[in-house]
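The values are calculated or read from the model by the stated rules, or taken from the named source; none is laboratory data. Remember, it's a predicted structure, so these values are computed and weren't measured experimentally. Cβ: placed from backbone, ideal geometry, glycine included. Neighbour counts: every protein chain shown. Accessible surface areas use protein heavy atoms only, side chains included; no ligands, DNA or RNA. Shrake-Rupley method; radii C 1.70, N 1.55, O 1.52, S 1.80 Å.
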Amino acid sequence: MALEGAGDTSLLLGSEDVPPVHEYNPAARSPFLLTSDHYGRLIPPVLGDLGVAASELTRHIAWDIGIAGVADALSQHLDAHLIAQRYSRLVIDCNRPPGAPSSIPRISEATTIPGNEGLARDAAEVRRQQIFDPYHQRIRDVIDRRLRENMATVLVSLHSFTPVYAGIRRPWHIGTLYHRDTRLPPLLLKLLRAEADLVVGDNEPYAVSDETDYTIPVHGEARGLMNSGIEIRQDLIADPAGQRQWADRLTRIFAEIETTLRAQGLLPG
Ligand SMILES: [Zn+2]
């Protein structure tokens, strides 16, 4: 385990490193704008492995298992723009307000993250500037452009959750994740609940708040966009077949949502 670079305050990502922002279908015309805060689990080479065992770095604490495959396929099938973040949430969590204790966690579930222990403010700031900021600035810029072009925009934030957390088994297959929007979440819930084989969580296993979330409050609510998060249970999307099935199901559901929103006058006809 290597920790030499953890306190480095100047350079996190060099020109040869993978950029944090992943995009798919940037010229897409769908009203749905897809985001994925926990898409990847890369660690900047200068940070080594953050002092964490390799077996921990493939677990849910490092990323949203399975969501990348679902997000890419959904983006393709819906012809929707996807903006995703490739670095591990253990480096900096892109769905937490910077400065919150869970932004650069010192412990996640029951795993301590030595590379985040006693991190200097400057080092935390570098992680923000080089990973968090480019991702959220890109989302901001894309929403700005869409508004300028009078493109309808509905924000859908894609996540996955671990089937067992701290020893407690979770019954839901999928959950919605929302706070202030009263337009999209009820419609999404209704259509998910119409799927006979699904146990659907209503703000379960997580709810959204300004203190514990970033993408929905900042890019959805503060900008007046219809929005919802989705949480899919990770054992259902652990392999490519499961990811395809869920992308197909969500493609069908979001197509129906789009039709309904147009009929309700919430999207231009
Ligand atoms: Zn997530």
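Amide H to amide H, which residues 5 or more places from residue 33 or on other chains are under 5 Å from it, using H placed in the peptide plane?
Here 154, 155, 156 satisfy the definition.
Residue 58: accessible area at probe 1.4 Å, nearest 10 Å²?
Counting only protein heavy atoms, the figure is 70 Å².
Provide the packing ranking of 21-32, 68-79, i.e. peptides ordered by the mean count of other C-beta atoms within 10 Å per residue, highest first.
Highest mean packing first, the order is 68-79, 21-32.
Restricting attention to segment 87-128, which trypsin sites (Lys or Arg not before Pro) occupy a DSSP loop and are surrounded by at most 15 other Cβ atoms within 10 Å?
Listed in order of number, the matching sites are 106.
Would you please name the GluC sites (Glu not before Pro) within segment 185-252 that are DSSP coil residues with at most 16 other C-beta atoms within 10 Å of their C-beta?
Details: sites: 195, 211, 221, 231; in loops: 195, 211.
When the GluC sites (Glu not before Pro) of segment 185-252 are filtered for loop state and at most 16 Cβ neighbours within 10 Å, 195, 211 remain.
May I ask for the angle, rounded to the nearest 10°, between helix 133-148 and the longest principal axis of the chain, with both axes built from Cα atoms and the value confined to 0 to 90°?
20
With a 1.4 Å probe and all protein chains kept in place, how much accessible area does residue 226 have, in Å² rounded to the nearest 10?
We get 10 Å² for residue 226.
State log₁₀ I(q)/I(0) for the chain at q = 0.10, 0.17 Å⁻¹ as given by the Debye formula over alpha-carbon point scatterers of equal weight, solvent excluded.
At q = 0.10, 0.17 Å⁻¹ the computed log10 ratios are -0.49, -1.39.
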